[in-house]
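The values are calculated or read from the model by the stated rules, or taken from the named source; none is laboratory data. Owing to the predicted nature of the structure, the values given are computational and were not obtained by experimental measurement. Neighbour counts run over all protein chains shown; Cβ positions are idealised from the backbone, glycine included. Heavy atoms of the whole protein, side chains included, go into the accessibility calculation; ligands, DNA and RNA do not. Shrake-Rupley method; radii C 1.70, N 1.55, O 1.52, S 1.80 Å.
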Amino acid sequence: MKLFKSFISILVATLLLGVATSNVLAAPIYSTFGPGDTYITGTGWTIGTDPWNFIQGPQFLPTSSNYLGSIEVAVGYLSGLNQFTIDLRNDNAGLPGSIIEAFSFTNAADFGSGNEMLFMDSILNSFLSSGTPYWLIASGGTDRHLAWNLNDLGLNGPLYQEGIGFGSGVINDIHPAFRLNPVPEPSTFILLGAGLAGFAVWRRKRS
């Protein structure tokens with residue numbers, strides 16, 4: 001019985017170590033959030049609004065190659081319908097190209113509240129390559145007004161903008177706050193399988 005308890009204790013400790021190691025190693029594919037997930041709470045790029053229906057978002061270059069696991073954005077609600085979409089797009093000669101995956105968000109917190117971070121898992125888990133340009137494009141409609149909070153790291157770059165009466169194009173300006181996370185590391189499951197296999201061998205020897 002003592003040997004059994006010792007084995008279980010070692011297995012639990014190994015799993016906890018695996019979880020901690022996995023969290024450390026799972027660096028984001030790309031992020032503009034500051035340390036501790038900070039961003040500018042009082043300023044952002046407009047999404048939707050009557051009558052212009054603003055559509056906009058940044059071009060980015062992944063800092064690591066990985067399969068997309070989830071997306072996080074800091075978007076706040078101002079008025080109208082509390083819903084918006086962010087498209088992950090390929091690059092097409094310096095402009096947003098074909099849609100890789102669309103993420104539809106609802107129930108954003110009030111803009112300026114400091115609670116604007118929203119999270120959504122990826123369904124397609126597309127592979128994003130380091131150094132390859134992609135776009136994140138936010139859209140809504142004339143029946144809503146939201147704002148995509150700016151990053152507080154001073155990160156600038158190509159930003160696509162489109163609006164009724166304003167035309168469309170790319171400018172160089174400060175980027176909004178967002179993060180693309182990879183699919184979680186499988187190390188925890190590997191450790192669990194190894195632990196259970198070891199336990200089975202131990203039981204077989206005992207019997």
**Study point:** Inter-residue pairs, beta-carbon under 7 Å, first farther than 15 Å from Thr63 by Cα and in segment 120-138, second assigned to a loop (DSSP other than H, G, I, E, B) and at pLDDT 95 or above, 6+ apart
**Key:** Asn125/Val183
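Does Ile123 meet the test of being among the aliphatic types (A, V, I, L, M) and out of contact with any strand residue (DSSP E or B) (no Cβ under 8 Å at 6 or more places or on another chain)?
Judged against the criteria, Ile123 is not a match.
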Practice item. For residues that are out of contact with any strand residue (DSSP E or B) (no Cβ under 7 Å at 6 or more places or on another chain) and over 18 Å from His145 (Cβ atoms), tally how many sit in segment 97-114. Key: 1
Review point. Do you know which residues across segment 58-83 are within 30 Å of Asp143 (Cβ to Cβ), open to solvent by less than 50 Å² (accessible area, probe 1.4 Å) and not polar (S, T, N, Q)?
Key: Pro58, Phe60, Leu68, Ile71, Glu72, Val73, Ala74, Val75, Gly76, Gly80
Review point. Is one or more of the residues making up segment 115-137 closer than 19 Å to Gly80 by Cα and among the hydroxyl-bearing types (Ser, Thr, Tyr)?
Key: no
Review point. Ser130: farther than 21 Å from Ile47 by Cβ and either assigned to a loop (DSSP other than H, G, I, E, B) or small (Gly, Ala, Ser) (or both), yes or no?
Key: yes
**Study point:** Matching entry among Ile47, Ile29, Ile40 (being modelled with pLDDT of 95 or more, open to solvent by 40 Å² or more (accessible area, probe 1.4 Å), among the aliphatic types (A, V, I, L, M) and at negative phi)
**Key:** Ile40
Check your understanding: Quick one: Asn23 ticks every box in (1) farther than 17 Å from Leu155 by Cβ; (2) open to solvent by 70 Å² or more (accessible area, probe 1.4 Å); (3) modelled with pLDDT of 95 or more bar one, so which box is it?
Key -> (3)
Exercise for review: Confirm whether Ile100 is of a type in the set (A, V, I, L, M, F, W, C) and touching a residue at least 60 places away in the same chain (Cβ under 8 Å).
Suggested key: no
Practice item. Quickly run through segment 84-111 and pick out the residues that are open to solvent by less than 40 Å² (accessible area, probe 1.4 Å) and either over 26 Å from Ile40 (Cβ atoms) or outside any strand (DSSP E or B) (or both). Key: Gly94, Gly97, Ile100, Glu101, Ala108, Ala109
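Open to solvent by 30 Å² or more (accessible area, probe 1.4 Å) and modelled with pLDDT of 95 or more: which single residue out of Ile123, Ile137 fits that description?
Within the list Ile123, Ile137, the selection yields Ile123.
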